[in-house]
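The values are calculated or read from the model by the stated rules, or taken from the named source; none is laboratory data. The structure presented is a predicted model; accordingly, all values stated were derived computationally and were not measured. All Cβ positions, glycine included, derive from the backbone under ideal geometry; neighbour counts span all protein chains shown. In case anyone asks, the SASA skips ligands and DNA or RNA and just uses the protein heavy atoms, side chains included. Shrake-Rupley method; radii C 1.70, N 1.55, O 1.52, S 1.80 Å.
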Amino acid sequence: MTILNWLRGLFILVMVAIVLYPVLWVVSLAFSGGQSLALVSVPEGASFFEALRALLPLPQQWSLANFEGLLTEQPFGRWLLNSLIIAAATTIVGVLLACSAAYALSRFRFPGRERGLMLLLVSQMFPATLMLIPLYVIIVEWLQLGNTWLGLIAVYSITALPFCVWMLKGYFDSLPVDIEEAALMEGASPVAIFWRIALPLAKPAIAVTALFSFLTAWNEFILASIFMDEEALYTVPVGLRFFVSDFSAQWGYFAAGSVLVSLPVVILFLGLQRFLVSGLSAGAVKG
Amino acid sequence: MASISLKKIVKQYGQQAATIPGLDLEIRDGEFMVLVGPSGCGKSTTLRMIAGLESVSDGELRIGERLVNDVAAGERNIAMVFQSYALYPHMTVFENMAFGLRVRKTPDAKVREQVEATARALGLEPLLQRKPGELSGGQRQRVALGRALVRNPDVFLFDEPLSNLDAELRTQMRAEIARLHRTQGTTSVYVTHDQVEAMTLGDRIAIMNGGRLMQVGTPAELYSAPDNTFVAQFMGSPPMNIFSGQRDGTRLRTAFFEIELPTATAAALPTELQVGLRPECLSTTGTAATLNGRVEMIECLGHEGLAYLAAGDTQLRAKLAMEQLPQTGTDAVLRFNPADLYFFDTNGERIAATSVEPAGTALETAGA
């Protein structure tokens with residue numbers, strides 16, 4: 001029994017190491033102060049154990065030089081701002097659209113409701129890359145929204161919409177209709193019921209969809225790299241990519257940027273954790 | 001305050017057969033009307049049509065003099081208490097009660113005054129700053145009542161408001177609702193499937209089955225003069241015993257007894273009929289007629305008990321005093337007054353003017 005427990009513990013440790021190793025490597029690279037992918041230079045004729053040290057994700061010395069460089073020498077702050085604005089606007093627009101659409105789909109019966117819902121699902125079945133060319137034509141050539149925040153915000157909030165609508169619709173479905181009927185009888189208009197009753201009750205689901213919208217915009221790379229030609233308008237993922245290309249290999253900046261770009265996501269997740277648990281399991285059990 | 005009038009009200013969903021094929025019901029000003037019936041009988045649908053939460057497919061629905069078929073729920077000045085309480089979980093008790101007033105743009109001072117007055121009347125003052133999640137079931141129901149009361153509506157609607165409460169609380173809240181109706185005198189429509197609630201609360205009761213009105217009347221009328229076997233069996237606990245009978249000349253034969261009928265009564269009865277007798281009208285003492293049956297089971301309820309008698313395939317329940325309860329497995333002889341018999345035709349409709357009067361005099365028991 002105890003041996004089994006030990007084995008189980010060992011197995012979990014190995015799994016954790018496999019997951020954490022690359023993350024630790026990136027963090028170490030970021031704090032190494034250098035641009036080399038190797039953290040430790042192994043001298044000629046080093047012993048086996050010295051060579052083994054090169055595999056440990058620990059830099060030879062700790063330094064904030066990469067972060068300083070990133071924020072002063074490189075336009076990283078500018079990219080961060082672009083990403084923040086685009087992701088925040090995507091979240092607001094996406095959640096607003098998703099809430100009103102999901103509420104209507106959940107509460108009202110109208111022609112095309114079933115088909116509309118199915119269509120939203122079907123749209124998720126095509127690979128995203130399939131939409132690259134049509135989206136480029138629509139956004140950049142027709143609407144002339146290439147190299148603008150607006151173009152990306154529009155695309156991101158719309159691509160996140162099907163998931164958000166389904167997620168929220170499921171949650172609205174689980175809210176008792178009685179509550180809204182009570183408000184209706186008290187003379188509240190459908191708009192008042194939506195804002196004052198339904199939305200406050202759907203907070204957990206809204207938190208989940210908001211996070212999803214934010215992440216969609218924050219992490220997206222392909223569309224942003226196609227729509228944005230000007231360096232000043234890059235989002236963080238696009239900007240980071242240019243540190244490591246055919247002509248440069250600034251792994252230190254790349255790693256430092258990656259660490260910085262993950263921070264808001266981590267903070268958001270921690271902050272919304274409480275809602276996430278109740279939101280993702282919403283509707284599973286009544287009451 | 002207002003009367004409610006339903007004229008040929010129809011409710012139909014899509015192309016299906018109508019859920020309510022045509023309902024006529026007059027609810028008087030200030031009356032406490034109970035709609036009662038088994039689940040799926042259309043009582044809740046009727047209530048929701050009065051509330052404005054369901055559309056009326058056809059017919060005329062009036063509150064007071066006003067035709068309200070197409071008036072929105074919020075404009076009917078009706079308050080409703082839901083089975084699930086339907087409180088706003090993210091608002092405090094005060095905000096819950098104030099919601100309707102605030103939606104109607106009532107000035108803040110007046111909102112405060114009205115909410116506090118209602119809270120005082122219902123003993124809700126200490127709870128005003130709590131949220132529904134922190135309240136017990138009884139307290140929540142009280143808040144739901146308060147929310148309905150505070151607006152001073154013309155009509156109160158209750159949709160099985162007590163069915164989520166335990167037995168003791170239910171009795172308590174039932175008394176509370178009765179008291180409120182006495183003091184406020186507001187026209188009320190109350191839906192329930194519980195005949196005890198119906199009997200104790202209703203000025204009049206409307207019994208529904210399959211979307212149709214079976215009978216409307218005071219509790220006493222429905223109990224003593226049911227129009228059909230459905231009403232006869234719905235009112236009263238345990239329900240009225242109904243079994244088939246055959247009339248041969250002036251003799252009435254059933255599985256349990258055989259009696260001689262007065263000529264006038266016999267003349268009004270068909271040869272095949274159904275006979276009803278309430279369990280509480282049976283006894284081991286007294287005069288008049290006797291019936292025989294085998295005791296299959298007895299249930300003790302404390303100061304009284306139920307005896308289940310069988311004769312052939314026919315069964316019958318008798319409510320007897322504890323000391324009168326026969327032994328299981330024995331043959332029992334019970335007595336009843338033939339005046340307590342009800343006669344129904346084979347379709348279950350009461351055969352008019354067929355009570356056996358005067359009680360017991362013109363009758364002799366023919367030992368079965």
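What the table shows:
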{"item": "Test: B:Arg151 is in contact with a strand residue (DSSP E or B) (Cβ under 8 Å, 6 or more places away or on another chain) and within 14 Å of another protein chain (Cβ to nearest Cβ)", "result": "yes"}
{"item": "Residues being over 30 Å from the mean Cα position of the chain (by Cα) and closer than 24 Å to B:Ala51 by Cβ - total across the stretch B:133-167", "result": "0"}
{"item": "Elements of type helices (runs of 4 or more DSSP H) contained in the stretch A:1-114, each with 2 or more residues being loosely packed, with under 11 Cβ neighbours inside 10 Å and more than 28 Å from the chain's Cα centre (by Cα)", "result": "A:2-32, A:48-52"}
{"item": "All positions within the stretch A:232-276 that are β-branched (Val, Ile, Thr) and farther than 17 Å from A:Val208 by Cβ", "result": "A:Thr235, A:Val236, A:Val238, A:Val244, A:Val259, A:Val261"}
{"item": "Residues (touching a residue at least 60 places away in the same chain (Cβ under 8 Å) and among the β-branched types (Val, Ile, Thr)) located in the stretch A:120-147", "result": "A:Thr129, A:Ile139, A:Val140"}
{"item": "Residue match in the stretch B:200-219 (condition: modelled with pLDDT of 90 or more, among the hydroxyl-bearing types (Ser, Thr, Tyr) and open to solvent by less than 20 Å² (accessible area, probe 1.4 Å))", "result": "no"}
{"item": "Strands (runs of 3 or more DSSP E) contained in the stretch B:21-136 and holding at least 2 residues closer than 17 Å to B:Lys7 by Cβ and away from every other protein chain (no Cβ under 14 Å)", "result": "B:32-36, B:58-63"}
{"item": "Count of residues meeting criterion [of a type in the set (A, V, I, L, M) and assigned to a strand (DSSP E or B)] in the stretch B:183-224", "result": "9"}
{"item": "Single unsatisfied condition, A:Asp173 versus (1) closer than 30 Å to B:Ala148 by Cα; (2) within 14 Å of chain B (Cβ to nearest Cβ)", "result": "(2)"}
